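The values are calculated or read from the model by the stated rules, or taken from the named source; none is laboratory data. As the structure is a prediction and not an experimental result, all values here were calculated from the model. All Cβ positions, even for glycine, are placed from backbone atoms using ideal geometry, and neighbour counts span all protein chains on display. Ligands, DNA and RNA are excluded from the accessible area calculation, which covers all protein heavy atoms including side chains. Shrake-Rupley method; radii C 1.70, N 1.55, O 1.52, S 1.80 Å.
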Amino acid sequence: MTISGAARANVGALIACLLAGSIIALAPRAHAATEDIRLPGGPTSATESTPVELDSRLYLPETVPAPAVILAHGFGGSKESVQTQAEELMGRGFVVLSYSARGFGTSTGLISVNSPEFEVADAQALIDYLAGRPEVEQDAAGDPRVGIAGGSYGGALALLAAGYDDRVDAIAADITWNDLESSLFGQSITAAGSPRGVFKEQWTSWFFSVGLVDPRVTECGRFTPQWCRAYLDAATNGTVTDESRALMRASSPISVSDRINIPTLISAGEADSLFPLAQANANAQQIMAASPEAPVKVVWHGGGHDGGLDESERITSLMADWFDTYLLGQGTSTTDFEMTLTTGAISTDNSRPQAIVLQAPSYRGLTGASQQSVTLAGPDQRVLAPAGGSPAAISSLPGLGGAIGSFAAIPLPGQSAAFESPQFESQTTTIGASTVRLRLSAPTKVTDVALFASLRIVSPSGRENLPQGLVAPIHLDSLGPVPVEVDVQLPAIVADVNAGDRVRLVVGTTDMAYRLPMRTAVYQVGLADPVLDLPLLPAQQIASGLPAYWWLLGSLPVIGLLLLGLALVRPRPRAPLVREDLIDVPLTIENLGKTYKGGLRAVNDVSFTVPAGVVLGLLGPNGAGKTTTMRMVMGLIQPTDGDVYVFGQRSFSGSPVLARIGALVEGAGFLPHLTGRQNLDLFWRASGRGHQDPFLDEVLEIADLGTAIDRKVRTYSQGMRQRLGIAQAMLGKPDLLVLDEP
């Protein structure tokens with residue numbers, strides 16, 4: 001069968017339209033309409049019934065009426081903080097209402113930390129408002145079809161609002177708490193009725209300081225007197241009064257989790273010492289137990305309050321997919337459990353740690369589907385709690401969790417006991433919280449005992465890794481000569497233990513993030529049971545939220561359309577692979593352009609030539625397109641327009657001429673446990689040119705790394721890493737060097 005030119009063009013246009021339609025359906029569209037408004041909320045206070053004014057923004061999609069989503073922000077944020085999520089949802093066809101919580105942005109009122117009488121009442125007032133908007137789809141008179149989403153402070157609000165208002169149809173809560181008391185007073189002893197936990201002094205004081213920012217300097221800032229009093233009690237005495245306990249419980253999802261019977265997406269950060277995975281687990285387990293018929297999806301991602309990996313785009317997409325399914329009724333969200341495994345690999349896209357997303361058919365809690373018994377060894381050991389709690393070990397600090405990770409694995413001399421396993425015979429991925437039974441005592445009786453347990457992974461070389469810098473706080477009212485046995489749940493993690501690795505249980509007496517006893521004390525720490533239960537869960541790697549094979553099968557029709565479209569309509573070819581007139585010219589760029597999805601034009605009609613022996617610098621502000629141009633030169637991304645020729649050969653991904661280029665674009669990725677010399681040798685051999693001379697001595701002389709070349713890369717400063725990156729780019733004396741901000 002033959003196809004005429006006109007028919008070929010028509011079929012190609014049809015396929016292009018179909019593919020373009022698919023992309024438009026998936027990508028956020030420009031605002032159809034937005035409106036900044038001030039809406040009445042709940043009462044101003046217990047004695048003032050006048051409603052607060054909520055600084056709000058309404059996003060209207062192109063097609064209405066439509067379901068609505070209320071977006072709540074994190075503590076210290078405002079309606080501006082959730083603009084990206086709002087635009088994503090609006091592009092999916094939802095009416096979106098974002099707002100600044102009372103006490104934040106330009107909203108009036110005082111902060112009452114998601115109190116049912118105030119912040120939850122504000123959310124109910126917003127639902128009332130949506131019930132009166134003709135653009136919002138209605139389930140019944142006064143009952144709009146509405147979902148609520150938020151992270152941290154906003155995540156708790158979503159859960160609480162669902163518990164108090166049955167008009168809410170679906171929710172999505174990220175990195176938030178289940179019980180505010182157990183969040184701020186961490187306790188890892190699993191026995192029922194165990195004493196209150198250890199006060200998270202750094203995190204709590206940081207959050208309270210955010211609420212103190214106010215034009216008028218007062219001791220309570222923008223907090224209500226009740227919450228101000230609760231904080232002062234905790235900060236002054238490290239205790240919780242009955243009044244404070246009741247206040248915190250009323251503002252915690254644990255108080256209403258048995259009432260939540262709607263589709264619920266719960267995501268939590270693996271890098272989170274403020275609201276750890278155990279808090280998300282409690283929310284999920286309580287909702288599933290009370291309402292087994294309600295769809296509940298749990299996601300553990302690589303981020304959190306301590307930083308970690310930024311997976312915000314994936315979490316926003318999962319949230320939008322959830323509402324597509326349960327508000328629009330047209331999505332394909334599942335309740336499969338997803339978790340992120342951070343590997344030692346470096347992304348070629350942005351030189352950041354590479355994450356692997358794993359998936360299991362169902363959520364099995366913190367203890368996984370099974371446990372591997374790991375035998376620990378070590379005698380009972382005496383440890384010192386120093387006077388004043390100083391010096392103290394460091395695990396995480398507000399806003400600096402990821403930045404201090406290199407210090408987290410250093411136990412202080414005399415302040416910690418350690419128990420170690422044999423080497424693992426095979427690779428094991430642990431998903432969840434390990435448990436262990438400790439035996440504790442003190443030569444003389446002491447009160448107010450604080451200890452901190454952690455599980456570390458030790459490589460064959462002896463290097464310790466403390467996953468996410470997380471520790472398990474342990475609090476006892478007192479200890480004496482008679483040993484006390486306690487079951488301890490260690491922090492939930494997702495981590496690989498490789499063959500040859502060991503695990504080490506460390507129990508210390510100090511941690512800078514917590515309030516520590518001021519008096520000195522000596523404790524005896526031992527194992528009541530030498531077995532550590534390591535949680536396991538069968539899981540498989542996925543892409544885009546689907547099992548790998550389903551993703552592949554689902555892609556086949558699209559791949560087929562793309563191939564057919566290329567066969568019918570692409571030019572034959574658009575430019576020659578070799579230009580004889582440019583054989584001696586190191587670099588020629590002709591009419592180069594790059595447009596990203598959504599219409600962003602990053603590079604526009606760039607042309608220049610770099611003759612032999614010339615150094616050319618690209619100057620311009622951030623966003624001018626310098627790095628994008630370099631990435632197109634290297635074949636890392638495909639240009640939309642124009643061509644790049646290197647010594648007369650067109651440059652593209654896989655082009656043979658790339659072997660003649662040395663490059664340092666957006667930083668080089670190195671293996672930190674190897675020396676600089678070992679990294680260069682590994683790179684050269686991996687390039688397939690091991691039989692050629694890398695000219696290493698000459699390269700090192702230029703890079704001027706001196707004796708540092710034989711030190712491990714993890715000890716390098718940023719400047720030394722850049723020098724090593726330049727040395728790597730110059731290996732083999734390439735004919736063309738491409739350096740991005742060297």
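Worth a mention:
- Scanning region 86-98 for residues that are in contact with a helix residue (DSSP H, G or I) (Cβ under 7 Å, 6 or more places away or on another chain) and open to solvent by 10 Å² or more (accessible area, probe 1.4 Å) yields Glu88, Arg92, Gly93.
- For region 614-624, taking the residues that are among the small types (Gly, Ala, Ser) and either touching a His at 6+ places or on another chain (Cβ under 6 Å) or modelled with pLDDT under 85 (or both), the one that is least open to solvent (accessible area, probe 1.4 Å) is identified as Gly620.
- Pairs where the first residue, in region 612-634, is more than 19 Å from Gly648 (Cα to Cα) and the second is open to solvent by 60 Å² or more (accessible area, probe 1.4 Å), C-beta under 7 Å, 6+ apart: Lys626/Leu618; Thr627/Glu666
Yes/no per residue for (1) open to solvent by 30 Å² or more (accessible area, probe 1.4 Å); (2) without any contact (Cβ under 8 Å) to a residue 24 or more places away in the chain; (3) in a loop (DSSP other than H, G, I, E, B):
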residue	(1), (2), (3)
Leu39	no, no, no
Glu53	yes, no, no
Thr84	yes, no, no
Gly105	yes, no, yes
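- Taken over region 598-643, residues that are of a type in the set (A, V, I, L, M, F, W, C), touching a Lys or Arg at 6+ places or on another chain (Cβ under 7 Å) and part of a strand (DSSP E or B) amount to 2.
- On the stretch given as region 693-710, residues that are hydrophobic (A, V, I, L, M, F, W, C), farther than 22 Å from Pro656 by Cβ and open to solvent by 40 Å² or more (accessible area, probe 1.4 Å) total 2.
- Filtered residue count, region 221-234, keeping only those that are open to solvent by less than 30 Å² (accessible area, probe 1.4 Å) and in a helix (DSSP H, G or I): 4
- Restricting region 252-263 to residues that are open to solvent by less than 30 Å² (accessible area, probe 1.4 Å) and out of contact with any Phe, Trp or Tyr (no Cβ under 9 Å at 6 or more places or on another chain), the residue that is farthest from Thr332 (Cα to Cα) is Ser257.
- Taken as a whole, the structure places Glu201 among residues that are of a type in the set (D, E, K, R) and under 30 Å from Glu485 (Cα atoms).
- Of all residues in region 711-742 being open to solvent by 90 Å² or more (accessible area, probe 1.4 Å) and assigned to a helix (DSSP H, G or I), the one that is farthest from Val665 (Cα to Cα): Arg714
- Candidates are the residues of region 416-434 that are outside any loop (DSSP other than H, G, I, E, B) and more than 28 Å from the chain's Cα centre (by Cα); the one that is surrounded by the most Cβ atoms within 10 Å (Cβ to Cβ) is Ala417.
- Residues of region 449-485 classified as among the hydrophobic types (A, V, I, L, M, F, W, C), farther than 18 Å from Glu201 by Cα and in a loop (DSSP other than H, G, I, E, B), total: 2
- Qualifying residue in region 669-692 (condition: open to solvent by less than 80 Å² (accessible area, probe 1.4 Å), under 38 Å from the mean Cα position of the chain (by Cα) and closer than 17 Å to Asp740 by Cβ): yes
- Subset tally (residues that are open to solvent by less than 70 Å² (accessible area, probe 1.4 Å), polar (S, T, N, Q) and either closer than 19 Å to Val488 by Cα or free of Cβ contacts under 8 Å to residues at least 40 places away in the same chain (or both)) for region 439-467: 2
- Among residues of region 726-742 that are without any contact (Cβ under 8 Å) to a residue 12 or more places away in the chain, none has a Cβ under 8 angstrom from a residue that is in a loop (DSSP other than H, G, I, E, B) at a sequence gap of 6+ or on a separate chain.
- Filter result (closer than 21 Å to Arg515 by Cα and over 23 Å from the mean Cα position of the chain (by Cα)) within region 447-464: Thr447, Asp448, Val449, Ala450, Leu451, Phe452, Ala453
- Picking from residues in region 194-219 that are modelled with pLDDT of 85 or more and in contact with a helix residue (DSSP H, G or I) (Cβ under 8 Å, 6 or more places away or on another chain), the one that is nearest to His475 (Cα to Cα) is Gly197.
- For region 635-668, a tally of residues being open to solvent by 30 Å² or more (accessible area, probe 1.4 Å), more than 29 Å from the chain's Cα centre (by Cα), in contact (Cβ under 8 Å) with a residue 24 or more places away in the chain and under 22 Å from Val585 (Cβ atoms) returns 7.
- Exactly one residue out of Asp128, Asp122 is assigned to a helix (DSSP H, G or I), open to solvent by less than 10 Å² (accessible area, probe 1.4 Å) and acidic (Asp, Glu): that is Asp122.
- From the list Glu80, Glu62, the one residue that fits, being open to solvent by 10 Å² or more (accessible area, probe 1.4 Å) and at pLDDT below 95, is Glu62.
- Filtered by the rule that a residue be out of contact with any strand residue (DSSP E or B) (no Cβ under 6 Å at 6 or more places or on another chain) and under 15 Å from Met339 (Cα atoms), region 270-307 gives Ala271, Asp272, Pro276, Ala278, Asn281.
- Within region 60-77, residues that are more than 30 Å from Ser251 (Cβ to Cβ) sit with their Cβ atoms under 8 Å from residues that are modelled with pLDDT of 95 or more and among the polar types (S, T, N, Q), at 6+ positions apart or across chains, in these pairs: Pro65/Gln138.
- Filter result (farther than 20 Å from Ser459 by Cα, open to solvent by 10 Å² or more (accessible area, probe 1.4 Å) and of a type in the set (D, E, K, R)) within region 478-514: Glu485, Asp487
- Among the residues of region 128-175, those that are among the aliphatic types (A, V, I, L, M) and more than 30 Å from the chain's Cα centre (by Cα) comprise Leu130, Ala131, Val136, Ala140, Ala141.
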